[in-house]
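Take a look at the structure set out below.
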Amino acid sequence: MSEDPGVATASSGIAPGTASAQQPTVEDALALGLTRAEYELVCEKQDGAGGRAPNQVELAMYSLLWSEHCAYKHSKRLLRTLPTEGRYVVMGPGENAGAVDVGGGLVCAFKVESHNHPSAVEPFQGAATGVGGILRDIFAIGARPIAVLDSLRFGEPLDAPLGPGSGTRSRYLLDGAVAGIGHYGNSIGVPTVGGEVYFEGPYEQNCLVNAMALGLGEREKLVRSAAAGPGNTLVLFGARTGRDGIGGASVLASAELGEADEGKRPTVQVGDPFEEKKLLECSLELLERGLIVALQDLGAAGLTSSAAEMASKGEVGIDLDVAKVPLREGDMEPFEVMVSESQERMLCVVEPANVDAVMELCEKWEVNGSAIGTVTDTGRMRVFADRELVGNMPVRALVDDCPLYDLQPVKPSGPIYRPPVASLAADTSPRETLLALVGSPNIASRRPLFEQYDAVVQSRTVRRPEQADAAVLALDRDPHHTGDSHSTGDSPPAGEGPIPALAVSIDCNGRRVAADPYRGTIEAVLECASNLACVGAEPLGTTNNLNFGNPERPHVAWQLTESVRGLGDACRALEAPIVGGNVSLYNETSSGPIYPTPVIGMVGRLPDARCAGRLGFARAGDTIALVGPFAPSLAASELAKLRGDRLPDGLPDIDIGAVHAAQFAIRGAVRVGALSSAHDIAEGGLATALAECCLAGGLGADVRLPATGDGDPLADLFGEAPGGFLISGTPNGVSSLGRRTPVSVIGTVGGDSLHIGIGDLLLSVTLAELARAHGALAELFG
Amino acid sequence: MLIRPKAGILDPQGEAVERALPALGFKGVENVHVGRLVELEVEDPTQVEAMCEKLLANPLVEDYEIHLLNGIG
Amino acid sequence: MKFGVLQFPGSCDEVDALQAARRVGDAELLWHGQRDLRGADAIIVPGGFSYGDYLRAGAIARFAPIMESVIDFARDGGLVLGICNGFQVLCEARLLPGALLGNVNRRFTFRQVGLEVLNSGGSFTDGCALGERLSIPAKHSWGRYYADAETLAAMDRAGQLVLRYAAGENFNGSVHDIAGVSNERGNVFGLMPHPEHAIDELVGGSSDGLKIFESMRLTVEGARV
């Protein structure tokens, strides 16, 4: 990487007469997504006083690093208000993933990210590469990925009630996304253990595909991404670089989707899980052997963002030669190499003495490895094409000096969203209402989806989808320690001692956030924590993916501001700080923005997997009780949606402290095995939750709810609110919980039907009828 | 080389495509089968059959067809 | 006794198989690129996506250097267990008759399935009773077993049809609901479901899978009744 003395000064340094000498104009900058003012700032930054306009390579790099997706221009100031520190936090926001201490010298790394716009263009590859990207973030810090969860949003999938063909596109996206997630996760050997999917009109034109991953690593061996040590070598390893996703970050993620989607198809990245598996093993072995100084994965904006961010964190410079990058296609221009989003690539910093060993390891794992650059002390990012200097930028300007914008939030004066189309008449009987809810797309069994995912590879999964409110994973994949056995036939004694485990949940009801961004977001955080409580887990930390519309519109700015305020308040109250996350803005078309969707992922710990909670009724004769400060209301409920009600303006107040106390009590009771089952009440309300417990356990129930006088019995049956739990257990078990928190006994498990009496009303459905309704999504995957 | 499922063996991919085409307005389509294409450049074309037998196809359940696109012989 | 568990690029369940094997004996991983079986008494070809399932599942792994040794080992009567992708590799290597095709539902499917033991008392089902029902998870997209009618009839006569999916549980469309088969000699056995994921009630919901590994141990140690 010797500098050619013939190349001009440190300030300009671009050789004339090269392809990149063709000077881009401000029009080019605008086409790439920069504003006029941003372009002028870039010119100024490019060379202090005097200013020099950026060339093609430089402009491409600035346009990506200064895009919303990379720079968080509209959200960074807001995100700084979130709580990020806590007892268990080992690595907070700013690294590839966050990490929390889980005991035994181990940490759990986790994060959620989105791949929304690519999935709208090509759902299979968009979702697959979304999973690939989040997995790389996990092993980039030295943790081995142990689980994936997905959070999806599409338009209405059924043709009724909008008419024949209306659900076609949403079914196509759903099918592709689920297949893509399964393909990637299954092939790489990481179980997909949970997730959620919602179908709502506002997502019709803007689907959401968020992927969350967890990993386990040793606390002492975590690696950061800051490049260090001028003179050290930059090594790129993994797949070859092609033209995948060129311009992806600025073209797709910082602009609203328009009519011209077809033309964007060539920029979709294609993922190869087999390649990533090799890359994962290679990366972990490199770290295990102490061969690398820093590690970063290549995601949005490829080499540009990885190299620049490594340099920025380390406060160093980087010299990089695109001619050394292994290419898949001939004749790639320097700027293409710099912005390519080819998947399955990592960048590391290696001391020169270790470079040979690194290359050997790459060869062993059959991944391409190439020394492409050097760490310098210049504070500049210099891009060479062989000996020719084709780009020269101050690192600070690229990464840190991107302008940040304050949002201009204004609460909307009227409704933003069209009311949903009604599919249920207002006078439908409670019995038929329950069956309609249980069979509605947002509530029906997700089995046709999760059966496409391997949920058990790596042998940690203690609770699979639909067994409990949260996924549960044993920390030690070999809790019987057979690894040490050298005897020939004596099996070690089974299951001695507690088996510590992790629990994880991902949640967000976007419609309720739309009704009340502040309270709706608090509800999403509480939902996660309630799910964790039902399996006996204490929250350790939170990740979030903020999916919103165009933040330059005042009403979206208001949604975002209020949502982040709720997120912060809830995480502080629950002591579950944010350890990392992602923001996806501009999810909006001419028909309006998506529902504000702050997807929350939460990880918790339970001391003994043998006591992990279950959601299904377990035994005829068990007592059923309602626990928690549950104050149900039909406002913004699933029933309101089926009836075609417009969103209310605001949701009822939440007593976070009371919900937190109920979670604590439930968790304690689950941990000591006092309960047979525990289930958080969510969409569809109490009656739906009862149905879910019956279906999961294969047992009916006889329930009597107190008449609420002036209340609407339908609100009691189907109303929604945070803080309600359905538990079952022996009378002793239930009363032991009752000593810690108020419980209201409402019935008994047994029989082959669900009977709910309230006031004069008696609702009865058989398990068979419930099961038939619950299987509604199977027809979507014919 | 064109590699296709042997006749008589259920081809669910082919069936799915056969079902999908009429829904898009294409009538009168039957006997859809979905297989695999392998393209390669080889110095000695006489080896290709052995390649098919040994690796590129599974003769138990697949038939194959070899097409020499251009060549010296 | 010692199990050797093969490891190819793209194998996923090899460590799970290792753990399962270690419940009954010693076990170690055997790298695909070399030929030494390191004194293993039995070989396990594990599940996963060796070589990305490129071309056909198992088609490339079958030619790995380690497989040459495994083929010799099998020809000499050594015990070889192929699980899922391993079953596919053994069929491609012609150590087992038949082939695995794409699931009729054209999707990857993960489901806990009930299996019936059609032939017990063999090297892999020694601890099982005839007709016994085992609960074991299956997770695959290329699991539809196929062999022509003549082959099937011969296999049936020779007791090579070892496991079948219980009524209503055959989601991949395997002919005659076949879930697991052995070779004529009975020393090579392949099945699509994953016994290594059914060795523990806590994590597997069932420990029925352990019986297969136990049977192998009994066979190797000559402790057959």
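The values are calculated or read from the model by the stated rules, or taken from the named source; none is laboratory data. On a predicted model such as this, the values are computed, not experimentally measured, just so you know. When we count neighbours, we look across all protein chains shown, and the Cβ atoms used for this are built from the backbone with ideal geometry, even at glycine.
Scanning the range C:65-84 for residues that are surrounded by 22 or more Cβ atoms within 10 Å (Cβ to Cβ) and in a loop (DSSP other than H, G, I, E, B) yields a total of 1.
Mind checking whether some residue in the range C:118-133 is within 14 Å of chain A (Cβ to nearest Cβ) and out of contact with any His (no Cβ under 9 Å at 6 or more places or on another chain)? Yes, the range C:118-133 has at least one match. Selection of the range C:52-63 for residues being touching a strand residue (DSSP E or B) at 6+ places or on another chain (Cβ under 9 Å) and without any contact (Cβ under 8 Å) to a residue 12 or more places away in the chain yields only C:55. Of all residues in the range C:183-195, those that are touching a residue at least 24 places away in the same chain (Cβ under 8 Å) have Cβ atoms under 7 Å from Cβ atoms of residues that are assigned to a loop (DSSP other than H, G, I, E, B) and aliphatic (A, V, I, L, M), 6 or more apart or on another chain, in C:183/C:95; C:183/C:96; C:184/C:158; C:188/C:95; C:188/C:96; C:190/C:96.
Against the definition (over 30 Å from residue A:196 (Cα atoms) and crowded, with 21+ Cβ neighbours inside 10 Å), how does residue A:398 come out, yes or no? Yes; evaluated as a whole, the condition is true for this residue. Among the residues of the range B:43-72, the ones that are among the acidic types (Asp, Glu) and either within 14 Å of chain C (Cβ to nearest Cβ) or touching a Leu at 6+ places or on another chain (Cβ under 6 Å) (or both) come to 4 in all. Taking first residues from the range B:13-24 that are within 11 Å of chain C (Cβ to nearest Cβ) and in contact (Cβ under 8 Å) with a residue 12 or more places away in the chain and partners that are of a type in the set (D, E, K, R) and part of a loop (DSSP other than H, G, I, E, B), the Cβ contacts under 7 Å between residues at least 6 apart in sequence or on separate chains come to B:13/C:106. Residue C:212 falls short on exactly one of the conditions (1) within 14 Å of chain A (Cβ to nearest Cβ); (2) closer than 21 Å to residue C:14 by Cβ; (3) not polar (S, T, N, Q), and that condition is (1). Of all the numbered requirements in (1) within 14 Å of another protein chain (Cβ to nearest Cβ); (2) part of a helix (DSSP H, G or I); (3) more than 15 Å from residue B:58 (Cβ to Cβ), residue C:103 misses one, and that requirement is (2). The strands (runs of 3 or more DSSP E) falling completely within the range A:96-190 that include 2 or more residues that are within 14 Å of chain C (Cβ to nearest Cβ) and buried (at least 22 other Cβ atoms within 10 Å of the Cβ) map to A:144-154.
If you check residue C:191 against the conditions, is it away from every other protein chain (no Cβ under 12 Å), more than 18 Å from residue C:95 (Cβ to Cβ) and not acidic (Asp, Glu)? So residue C:191 fails the test. Filtering C:49, C:3 for residues that are in contact (Cβ under 8 Å) with a residue 12 or more places away in the chain, of a type in the set (Phe, Trp, Tyr), under 22 Å from residue C:141 (Cβ atoms) and buried (at least 24 other Cβ atoms within 10 Å of the Cβ) leaves a single hit, C:49. The lone criterion from (1) farther than 18 Å from residue A:186 by Cα; (2) in a loop (DSSP other than H, G, I, E, B); (3) in contact with a Ser or Thr (Cβ under 7 Å, 6 or more places away or on another chain) left unmet by residue C:135 is number (2). Residue C:167 meets each of the listed conditions (1) at pLDDT 95 or above; (2) under 23 Å from residue C:13 (Cβ atoms) apart from (2). Which members of the range A:404-415 meet the condition of being within 26 Å of the chain's Cα centre (by Cα) and surrounded by 12 or more Cβ atoms within 10 Å (Cβ to Cβ)? Within the range A:404-415, A:404, A:405, A:407, A:409 meet the criteria.
Given (1) surrounded by fewer than 22 Cβ atoms within 10 Å (Cβ to Cβ); (2) under 19 Å from residue C:24 (Cα atoms); (3) modelled with pLDDT of 95 or more, where does residue C:177 come up short, assuming only one miss? The single condition residue C:177 does not satisfy is (2).
Can you confirm whether residue C:91 is at pLDDT below 95, buried (at least 24 other Cβ atoms within 10 Å of the Cβ) and within 9 Å of another protein chain (Cβ to nearest Cβ)? No. Of all residues in the range C:38-57, exactly one satisfies the criterion of being away from chain A (no Cβ under 14 Å) and modelled with pLDDT under 95, namely C:56.
Where residues in the range C:106-117 are hydrophobic (A, V, I, L, M, F, W, C) and in a strand (DSSP E or B), which of them is farthest from the other protein chains (Cβ to nearest Cβ)? Of everything passing the filter in the range C:106-117, C:117 is farthest from the other protein chains (Cβ to nearest Cβ). Consider the range A:741-761 and keep the residues that are surrounded by fewer than 15 Cβ atoms within 10 Å (Cβ to Cβ), part of a loop (DSSP other than H, G, I, E, B) and not charged (D, E, K, R). The one that is modelled with the highest pLDDT is A:742. Scanning the range A:457-480 for residues that are in contact (Cβ under 8 Å) with a residue 40 or more places away in the chain, more than 20 Å from the chain's Cα centre (by Cα) and either at the interface with chain C (Cβ under 7 Å from one of its Cβ atoms) or under 12 Å from residue A:147 (Cα atoms) (or both) turns up A:457, A:458, A:460, A:462, A:474, A:475.
Residues in the range C:134-156 that are surrounded by fewer than 19 Cβ atoms within 10 Å (Cβ to Cβ) and within 14 Å of another protein chain (Cβ to nearest Cβ): C:135, C:148, C:149, C:150, C:151. For the range A:762-782, the set of residues classified as over 17 Å from residue A:466 (Cβ atoms) and either of a type in the set (Val, Ile, Thr) or not in a helix (DSSP H, G or I) (or both) consists of A:762, A:763, A:764, A:765, A:766, A:782, listed by residue number.
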